[in-house]
Amino acid sequence: MNRKPFSTEQLQQLKQVCSDAGIKLTHQRLEIFRELLSSGADHPSAEEIHTRLHKRLPTIAIDTVYRTLATFDELGLIKKLHILNERTLFDINLTPHHHFICTRCKGVKDIYWSDFDNSSLPDLVNNMGEVESRHLEIHGICNTCLEEKG
Ligand SMILES: [Zn+2]
Ligand SMILES: [Zn+2]
């Protein structure tokens, strides 16, 4: 499993994308992006980002976090995940990957599976239209939860 480092490169990309789109990169927006970068493979929710930021930015409103995350999503800077149809999480990792979701602790783990990504899809799928991307959501009980029970 190779995890890409989250770097200043992405910070540069943010500045570029925002200026191309004519969006002002406010201090709060920058801090939200920084928080996403430091979250790494953590897949935080808007509420979690808000809680973490609140220590540094006591005046930040949850609405600002919601709106900024929606903007970042539209700009293609992050990916929005709807986990188990009940939670919206955000992924800063734009490298194609899939997710293992624990139905007990709701933890989300990244899965890199290039064999699947590069495999040809069945005609059944191809005949439905043009495929742009594929994302697998695998549900189960993670090893940590299994051990706790055992
Ligand atoms: Zn678990
Ligand atoms: Zn992910």
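The values are calculated or read from the model by the stated rules, or taken from the named source; none is laboratory data. A quick note: this is a predicted structure, and the numbers were derived from the prediction, not measured. To get the accessible areas, we keep the full protein, side chains included, count just its heavy atoms, and leave off ligands, DNA and RNA. Shrake-Rupley method; radii C 1.70, N 1.55, O 1.52, S 1.80 Å.
Hey, what does the equivalent ellipsoid look like for the chain, semi-axes from the Cα gyration tensor as sqrt of 5 times each eigenvalue, largest first, whole Å?
On the way: eigenvalues 162, 98, 39 Å².
After scaling each eigenvalue by five and taking roots: 28, 22, 14 Å.
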### Query
Which pairs in the list 55/109; 24/79; 15/106; 55/80 are over 30 Å apart, alpha-carbon to alpha-carbon?
15/106
### Task
Report, in deg cm²/dmol and to the nearest 500, the calculated mean residue ellipticity at 222 nm for the chain, where each DSSP H run with n ≥ 4 adds -39500 (n - 2.57) and the sum is divided by the residue count.
-12500 deg cm²/dmol
### Query
Carbon and sulfur atoms: what percent of the 1.4 Å accessible area of region 39-150 do they account for?
50 percent
### Query
Taking the Cα atoms of region 44-85 alone, what are Rg (to one decimal) and Dmax (as a whole number) in Å?
11.0, 32
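Once the Cα gyration tensor of region 98-149 is diagonalised, what are the square roots of 5 times its eigenvalues, in whole Å and ordered largest first, as equivalent ellipsoid semi-axes? Walk me through the intermediate numbers first.
Working: eigenvalues 179, 23, 15 Å².
Each semi-axis is the square root of five times an eigenvalue, giving 30, 11, 9 Å.
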### Query
Check residue 107: other-chain or 5+ apart residues with amide H under 5 Å from its amide H, H built from backbone geometry?
102
### Query
In Å, what is the Rg of the alpha-carbon atoms in region 8-91, and how long is Dmax?
12.2, 35
### Whole-angstrom gap from region 84-150 to region 19-45, using each part's C-alpha centre
24 Å
### Query
Using a 1.4 Å probe, what is the accessible area per residue for the chain, in Å²?
64 Å²
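With both partners inside the chain, how many of the DSSP beta bridges are antiparallel, as a percent to the nearest 5?
On the way: 10 of 14 bridges.
Here the antiparallel bridges make up roughly 70 percent for the chain.
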